[in-house]
1. Counting just the residues of segment 101-144 that are polar (S, T, N, Q) and assigned to a helix (DSSP H, G or I), which one comes out surrounded by the fewest Cβ atoms within 10 Å (Cβ to Cβ)?
2. Using the structure shown, decide if Pro213 is outside the structural domain of Ser286 (by the TED database), surrounded by fewer than 23 Cβ atoms within 10 Å (Cβ to Cβ) and part of a loop (DSSP other than H, G, I, E, B).
3. Could you identify the single residue in Leu179, Leu160, Leu201 that is outside the structural domain of Ser312 (by the TED database), surrounded by 14 or more Cβ atoms within 10 Å (Cβ to Cβ) and in contact with a Leu (Cβ under 6 Å, 6 or more places away or on another chain)?
4. Among the residues of segment 96-126, which ones are within 19 Å of the chain's Cα centre (by Cα) and over 28 Å from Ala310 (Cα atoms)?
5. Only one of these conditions is not met by Asp193: (1) in contact with a strand residue (DSSP E or B) (Cβ under 7 Å, 6 or more places away or on another chain); (2) surrounded by 16 or more Cβ atoms within 10 Å (Cβ to Cβ); (3) closer than 24 Å to Ser309 by Cβ. Which number is it?
6. Looking for something in a helix (DSSP H, G or I), under 19 Å from Asn247 (Cβ atoms) and of a type outside the set (Asp, Glu) - is there at least one such residue anywhere in segment 61-81?
7. Which condition breaks for Arg195 when tested against (1) part of a helix (DSSP H, G or I); (2) modelled with pLDDT under 95; (3) of a type outside the set (Asp, Glu)?
8. Filter segment 227-271 for residues that are farther than 17 Å from Ala118 by Cβ and in contact with a strand residue (DSSP E or B) (Cβ under 7 Å, 6 or more places away or on another chain); which is surrounded by the fewest Cβ atoms within 10 Å (Cβ to Cβ)?
Amino acid sequence: MRATRLVRFASTVSRSKSAIAFPGQGTQKPGLLKEFLTSHRQIVDPILKETDEALGENLSQALVDEHTKYDVNETRNTQPILVAYGYTMFQVVKHELEKQGLPLPEYCLGHSLGEYSAYASSGLLSYSTAIELVRKRAVAMSEATSAYPAPTSMVAVLTLGHDAAALRDIVAGIPNCSLAIINGPSQMVLSGDSRSIRLALDRITTSLKLKRPFRTKALQVSGPFHSPIMAPARKYMESIVDDYKLNWPPSMGIVSNISGKLFSDEQEVYHSIINTPVEPVLWAPSISFLPTLGVDKIYSIGSTSFVKSALSKGEATEVVQIDGPSTLSL
């Protein structure tokens, strides 16, 4: 690992600030940038070109064509598509804020894969480097899934009425099953071997002595991300991470999925790049951390649900949805 330069981002502020939140896997669909290609072509076109040059293929077609030949649900495509989408949307939001004379976001964060959009948007990684790295990550995660000898899945546990610690304790002794994502008190995600997940769901009912049934929802993903099954992908990321130089410090403070706090140095970022395939996403703690930084407005790229569901009850933070040109009166 490289030598570290420590930079402290202020955690106490005397004025309001904003953050921008980037979505992760499960939010993909063909043509995410179709409308923006018309409304902001001068921004979108160069990024599409850079995307294709970095990948060596015309994957940008999937961002502007609803009838694309690419399978947007295949993770080797999903991951670079969503990073391209998040980064492009940041450039559009930045352009509109500057045009309207409004301050730019001072913090950023991304849900799982969305953290790579944060890396690129903050300049921590160049955009082309982020796209190249995330494609390698996606391929490694896809290969880890294919190498596993049994069916896998990710399942959201909804309206459970218990905190993450209770669910973590239940799955702790179940092989190849983990608490993968904490989206909020009403949604946590299990990931791993499908049989092990079914066992975990049975144990939830018996161990927590629930008075009413809880709901579950299978996620539309192509692998058991943030679970022990991704260990080969973690090992691969560790083998290549030193090939990538970080531009520290970033232009915005970045809240880490792994810690739910600001990255304070380069080594923490390298640790995240290596370990996010197997570590849980602390999304609710990450969102809850923003008000301690003075953040009272969050620009949410795509849906607002992944941000609003993570806010603490009674939290007054404004969430501004950015999902089309008509939503750009910021």
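1. In the first step, residues of segment 101-144 are kept if they are polar (S, T, N, Q); the result is 112, 117, 121-122, 126, 128-129, 142.
Filter again for assigned to a helix (DSSP H, G or I), leaving 117, 121, 128-129, 142.
Numbers: Ser117: 31, Ser121: 30, Ser128: 15, Thr129: 18, Ser142: 19.
Top of the filtered list is Ser128.
2. Numbers: outside the structural domain of Ser286 (by the TED database): yes; surrounded by fewer than 23 Cβ atoms within 10 Å (Cβ to Cβ): yes; part of a loop (DSSP other than H, G, I, E, B): yes.
Answer is yes for this residue.
3. On the way: Leu160 fails: in contact with a Leu (Cβ under 6 Å, 6 or more places away or on another chain); Leu201 fails: in contact with a Leu (Cβ under 6 Å, 6 or more places away or on another chain).
Result: Leu179 is the single residue among Leu179, Leu160, Leu201 that is outside the structural domain of Ser312 (by the TED database), surrounded by 14 or more Cβ atoms within 10 Å (Cβ to Cβ) and in contact with a Leu (Cβ under 6 Å, 6 or more places away or on another chain).
4. Taking segment 96-126 and keeping what is within 19 Å of the chain's Cα centre (by Cα), we get 105-126.
Correct list: Ser126 only.
5. The single condition Asp193 does not satisfy is (3).
6. Going residue by residue through segment 61-81, those that are in a helix (DSSP H, G or I) are 61-64, 75-81.
Those left that are additionally under 19 Å from Asn247 (Cβ atoms): none.
Within segment 61-81, not a single residue is in a helix (DSSP H, G or I), under 19 Å from Asn247 (Cβ atoms) and of a type outside the set (Asp, Glu).
7. All conditions pass for Arg195, except number (2).
8. That would be Pro228.
The values are calculated or read from the model by the stated rules, or taken from the named source; none is laboratory data. Owing to the predicted nature of the structure, the values given are computational and were not obtained by experimental measurement. Every residue, glycine as well, gets a Cβ built from its backbone with ideal geometry; the counts of neighbours run over all protein chains shown.
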